[in-house]
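Note sheet for the following structure.
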Amino acid sequence: MRGLGSRLWDQNDREYIDFAGGIAVNALGHCHPALVKTLTEQGNKLWHVSNWMTNEPTLRLARKMVNATFADRAFFCNSGAEANEAAFKLARRFAKEKYGEGKDQIIAFLQGFHGRTFFTVSVGGQSHYSDGFGPRPGSIQHIPYNDIDALKSLISDKTCAVVMEPLQGEGGVLPADKAFAKAVRELCDQHNALLVMDEVQTGMGRTGSLFAYMQLGIEPDILTTAKALGGGFPIAAMLTKDEIAQVFQPGVHGTTFGGNPLACAVAETAFDLISDPAMLEGVKAREGWYRAELDKINAQFHCFKEVRGQGLLIGAVLTDAFAGKAKSFVDAGIEEGVLVLVAGSNVVRFAPALNLTEEEFKEGMARFTKAVEKVVNA
Ligand SMILES: *Cc1c(COP(=O)(O)O)cnc(C)c1O
């Protein structure tokens, strides 16, 4: 198997247009020359020194991420789940040190997804991921997304954190309402709770701004990001403010591989390319391409109830006639040579490279149209 740009070839050399992006990871497509160059250069220089030494790529990446966001400090690790695990531990420890025992409630949202470690599946709002492993970590409660009243009645001075995705990805490509996000911020402030934004999927240009919170008119206290951060190389980050970060003194939390120079060097190059305003503008333009083409497909086949999402994280919600059949669209896509994703069983999800070319898009959409026709006529 191999990849180049937004094309993949399987072991039989069959070609696919990639609208899945390795689940929102390959933000610059496959084997982007600048990433390959950095990977090989850094590969010839230094891979790993462990976390009791710093190194230049890590410090440079941290500086760039801090300068571009609300944050003062960065913690690097290797996956979205690890970044969230760190965030939840940090929120709990911060509350304990600043306010004393008993302020440990975490409020999260139904259908939310935060990773697969036991703490993160427990904060996630899909119990089928956390069932069957014995007693879950406690003091975690879930309410419906975009429901201000539900949050108002649950949040209290016992709450240490509210954890939200600015747009639920795995849960169905469902964006937060601006008014909801504003209310979450205000309620967190009223109750001295931290707002943890999980931007593992929405971060790094995916929604058309560097981070999705930037379009919501609020700032989080802790932000996690991963998927697109390394452009395909495993790396994740947790960002936060000085006052919160100082709770993580040496020994309180750590990671062996996190912040290694190889991952950080690749991520720095990805960061430089993705944070370019022209790249972010391009995401908005490509969102328009998708919406126009999906509307056309829908006018012909009447299979979508709604097309929603933001930037290049787009969900086509299936009509009742196709309820539960998102996977059939993925399978038909594979047969026609185009890769798309599901987000639950009723939503077909698109998370292509941010630098997808018009030619790749048109070819992929022609194939997807055939896939839809196949499913509709099945
Ligand atoms: C994918 C994802 C995660 C988990 O990331 P991993 O790298 O698989 O651990 C966490 N949160 C969100 C919002 C995600 O989309």
With the first residue restricted to segment 155-166 and required to be among the hydroxyl-bearing types (S, T, Y), and the second required to be within 15 Å of the ligand (Cβ to nearest atom), Cβ contacts under 8 Å at 6 or more apart or on different chains are T159/I106
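One line per residue, one yes/no per condition, for (1) among the hydrophobic types (A, V, I, L, M, F, W, C); (2) touching a residue at least 60 places away in the same chain (Cβ under 8 Å):
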position	(1), (2)
K64	no, yes
F70	yes, yes
C77	yes, yes
R93	no, yes
E97	no, yes
G102	no, no
G115	no, yes
S122	no, no
Quick one: which helices (runs of 4 or more DSSP H) lie wholly within segment 1-115 and hold at least 1 residues that are in contact with an Asp or Glu (Cβ under 8 Å, 6 or more places away or on another chain)? 33-43, 56-67, 80-99
Those strands (runs of 3 or more DSSP E) completely within segment 206-313 that have 2 or more residues that are in contact (Cβ under 8 Å) with a residue 12 or more places away in the chain and open to solvent by 40 Å² or more (accessible area, probe 1.4 Å) are 304-310
If I filter segment 352-370 for residues that are among the small types (G, A, S), touching an Asp or Glu at 6+ places or on another chain (Cβ under 8 Å) and not in a helix (DSSP H, G or I), do I get at least one hit? yes
Within segment 186-196, take every residue that is part of a loop (DSSP other than H, G, I, E, B) and in contact with a helix residue (DSSP H, G or I) (Cβ under 9 Å, 6 or more places away or on another chain) and give me the one that is most open to solvent (accessible area, probe 1.4 Å). N192
I'd like to check something: does segment 255-275 contain any residue that is within 21 Å of the chain's Cα centre (by Cα), away from the ligand (no atom under 16 Å from the Cβ) and acidic (D, E)? yes
Of the residues T69, T54, only one is in contact with a Leu (Cβ under 7 Å, 6 or more places away or on another chain) and either more than 24 Å from L151 (Cβ to Cβ) or crowded, with 16+ Cβ neighbours inside 10 Å (or both); which? T69
The one condition in (1) touching a His at 6+ places or on another chain (Cβ under 7 Å); (2) away from the ligand (no atom under 16 Å from the Cβ) that M1 fails to fulfil: (1)
Condition check for E199: within 22 Å of L174 (Cα to Cα), open to solvent by less than 50 Å² (accessible area, probe 1.4 Å), within 15 Å of the ligand (Cβ to nearest atom) and of a type in the set (D, E, K, R): yes
Can you spot a residue in segment 179-192 that is touching a residue at least 24 places away in the same chain (Cβ under 8 Å) and either within 19 Å of G22 (Cα to Cα) or within 13 Å of the ligand (Cβ to nearest atom) (or both)? no
Considering only residues of segment 131-185 that are of a type in the set (G, A, S) and over 24 Å from the mean Cα position of the chain (by Cα), which is least open to solvent (accessible area, probe 1.4 Å)? A150
Given (1) open to solvent by 30 Å² or more (accessible area, probe 1.4 Å); (2) among the aliphatic types (A, V, I, L, M); (3) within 28 Å of D198 (Cβ to Cβ); (4) over 21 Å from the mean Cα position of the chain (by Cα), A74 misses just (4)
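The values are calculated or read from the model by the stated rules, or taken from the named source; none is laboratory data. Keep in mind the model is a prediction, meaning the values are calculated, not measured. Ideal geometry is used to build each Cβ from the backbone, glycine not excepted, and the neighbour counts take in all protein chains shown. Heads up: the accessible areas ignore ligands, DNA and RNA and are worked out on the full protein's heavy atoms, side chains in. Shrake-Rupley method; radii C 1.70, N 1.55, O 1.52, S 1.80 Å.
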